[in-house]
1. Roughly what angle does helix 89-98 make with the longest principal axis of the chain, taking Cα atoms, 0 to 90 degrees, to the nearest 10?
2. Take every Cα pair under 8 Å in region 5-102 that's 6+ residues apart, average their separations, divide by the length, and report that relative contact order as a whole percent.
3. Can you give me the relative contact order of the chain as a percent, contacts being Cα pairs under 8 Å and 6 or more apart?
4. Kindly provide the helix-only [θ] at 222 nm of the chain, computed as the sum of -39,500 (n - 2.57) over DSSP H runs of four or more divided by all residues, to the nearest 500 deg cm²/dmol?
5. Could you report the chain's accessible area per residue, 1.4 Å probe, as an integer in Å²?
6. In degrees from 0 to 90, rounded to the nearest 10, what is the angle of the helix 190-208 Cα long axis to the longest principal axis of the chain?
7. Cα-based Rg (one decimal) and Dmax (whole number) for region 101-167, in Å?
8. At residue 24 and residue 89, where each label point lies 7 Å from the Cα along Cα→Cβ, what is the point-to-point distance in nanometres?
Amino acid sequence: MNQSSFQIAIVEDDNILREELVHFMTRQGFGVLEANSAAGLDDLLLVNKIDLLILDINLPGKSGLEIAKNVRRVCPHIGIVMLTARTSSQDKVKGYEMGADIYLPKPTPVEELLAAVITLKRRIITTHSNSWRLDTNKRVLLTAHDALITLTATEFALLLAFANAPNRILDTGVICDILFEKNQEGEVTKRAIENTISRLRKKIAETSLQNQTEKTIQSVWNQGYQLCLPLVVV
């Protein structure tokens, strides 16, 4: 993963500090996005691949601690650097409990922040290399052994939605919406959903030489389906 394809989101409500950090990280060659609140970050996560967060704690609305907890639950592969003025031992412990990988005080020299980001980047890339990867540029699925699986637009949209869903579970209504949006064929039936999931399971099993009895996508009673692959979005 080259530097420019590694995406950093900076969540900071101090406009001057945020712009300084954006400028600095951009100059280092990273892809950089910015937000000033949890709501702004939610908007970014909907349409962007994000590899690492630089996160303040004292934010309007949800705090950085709440954001870290939610992000860690939904997107466990994302690196989280907390950069905050709250520097007591109790604050640091709470930050790590909520999901921070690295906890830095304000002010921290940008060189030290950069070193923290690069360290996390190495760890994230290593994790990616042992996982299945959904490539958002080429819109293909790569197995843990780098076998390439071509995807239809519907299959890609489903896998991306699974990857961003809490516990990798999509309810039937969400799957219906995806199928309707991609196919535009009127009402989506239960049989259409089952057939789409079945085809995707078969494609994954055949391309990866995976045992057909191993679960890739399993049904969840009274909810929908759950993705069981160790998938990251790249």
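The values are calculated or read from the model by the stated rules, or taken from the named source; none is laboratory data. Computed from a predicted structure; not experimentally measured. So basically every Cβ, Gly included, is an ideal-geometry build from the backbone, and we count neighbours across all protein chains shown. Note: areas computed on protein heavy atoms with side chains; ligands, DNA, RNA excluded. Shrake-Rupley method; radii C 1.70, N 1.55, O 1.52, S 1.80 Å.
1. 10 degrees
2. Numbers: 157 pairs, mean separation 25.5, N = 98.
Normalised by residue count, the contact order of region 5-102 is 26 percent.
3. Values: 348 pairs, mean separation 34.1, N = 234.
Here the relative contact order equals 15 percent.
4. Values: 8 runs with 107 residues, N = 234.
Rounded to the nearest 500, the figure is -14500 deg cm²/dmol.
5. Values: 12110 Å² over 234 residues.
The answer is 52 Å² per residue.
6. 70 degrees
7. 16.4, 47
8. 2.8 nm
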